[in-house]
1. Quick check: at a probe of 1.4 Å, how many percent of the accessible area of the chain sits on carbon and sulfur atoms?
2. Dipole of region 1-157 (Lys/Arg Cβ +1, Asp/Glu Cβ -1, origin at the Cα centre): which of Ile113, Phe150, Phe85 lies farthest to the positive side?
3. Using Cα pairs under 8 angstrom and six or more residues apart, how large is the relative contact order of region 1-104, in percent?
4. In what sequence, largest accessible area first, do Glu237, Glu43 appear using a 1.4 Å probe?
5. Trp326 accessible area, nearest 10 Å², 1.4 Å probe?
6. Hey, if we sort Tyr169, Tyr323, Tyr37 by accessible area with the 1.4 Å probe, largest down, what's the order?
7. Counting only helical runs of four or more DSSP H residues, what would the 222 nm mean residue ellipticity of the chain come to if each run contributes -39,500 (n - 2.57) and the total is spread over all its residues?
8. Could you work out the relative contact order of the chain? I mean the mean sequence separation of Cα pairs under 8 Å and 6+ apart, divided by the number of residues, in percent.
Amino acid sequence: MGGRITLRVDRRASIVCAALGAVIVVVAVFSLGIGDYPIPVAEVVRTLLGQGTPATDFIVHELRLPRLLTAVLVGAALGVGGALFQSMSRNPLGSPDVVGFDTGAATGALVVILLLGGGGTGTALGAVAGGVLTAMLVYLLAGKRGGSGFRLILIGIAVGALLDAVNAYLITRAEFTDARQGVLWLTGSLDGRGWEQVRPLALVLVVLLPLAVLLGRDLRMLELGDEPARALGVPVERTRLGVMLIGVGLTATATAAAGPIAFIALTAPQVARRLTRSGGPNILPSAFMGAALLLGGDLAAQRLFHPVTLPVGVLTAGIGGLYLAWLLAGQWRKGLG
């Protein structure tokens, strides 16, 4: 590279990002205005600009905006994490929630909640540690030649199944109140999320998202295969390790903030790729798509069964399960299953 860093701007991808950004803004303003205390759209905008009343200022800035920003940031982190792992494994099933990284993060959080009696910060740190350790275990078991393809996916699914059993055992051995807290966390929810979740999420994205974009070119080469990528000057193992660290950092932090929210990491990169009609990881379109999906999903979870509010993880799991079945059917038709 000779010290120069170049980025290729894809016109269609830029249009997709702009359109998704507009969707996010519209849904966000609408979300901030609805609830037990409805606020007109114009008043929401005035409040966001610092011209609201004390009542609307408290409702928007203290109650609704932190939850909304958590949804956007968690969705973006999951979308990018999914794009990185799917591109590295060259398989749409190579998503962190399918190969067990989210389950590992949940195990780390449950250990803190049920065995150590930790609070919110401890739970977040436990989730990050669990996700990182699980990714390291899967990467080591997959070996150098297993960093791509079905070997990594199969090992990840096996490790995830083992950790699922561990999670179930921890829940059954816990006291009732602790077990209830653990089960609630495992459903994946944005209820009650505040600025204490928004700030670390924003910091992690500010650091890791540019690094993911910089790795995009090498990942595009890796999708051609290891040998062609080496011939084009890509440091394959170093790139793969960097992708693993960045992807785990994003997904584990997202899980720490909201619990394991299924299928956003699986779905967002695939939908983004179809919209951009472009190969490669599609980092930024996946981030925008993940944010839009989770923001829309959380709005639906709040309003579809009003006054009952569903945890957003329940809604994404239900819809994502159908998408996974469709994806598996497509893989089977291609003879990859």
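1. Whole-percent figure for carbon plus sulfur exposure: 68.
2. Of the listed residues, the answer is Phe150.
3. Computed value for region 1-104: 13 percent relative contact order.
4. Glu237, Glu43
5. 130
6. The most accessible residue leads, giving Tyr169, Tyr37, Tyr323.
7. Mean residue ellipticity, 222 nm, calculated: -24000 deg cm²/dmol.
8. Numbers: 531 pairs, mean separation 95.8, N = 337.
Relative CO of the chain lands at 28 percent.
The values are calculated or read from the model by the stated rules, or taken from the named source; none is laboratory data. Because the structure is a prediction, the values reported are computed rather than measured. Cβ atoms come from the backbone with ideal geometry, glycine included; neighbour counts cover every protein chain shown. Ligands, DNA and RNA are stripped out before the accessible areas are found, and what is left, the full protein with its side chains, is counted by its heavy atoms. Shrake-Rupley method; radii C 1.70, N 1.55, O 1.52, S 1.80 Å.
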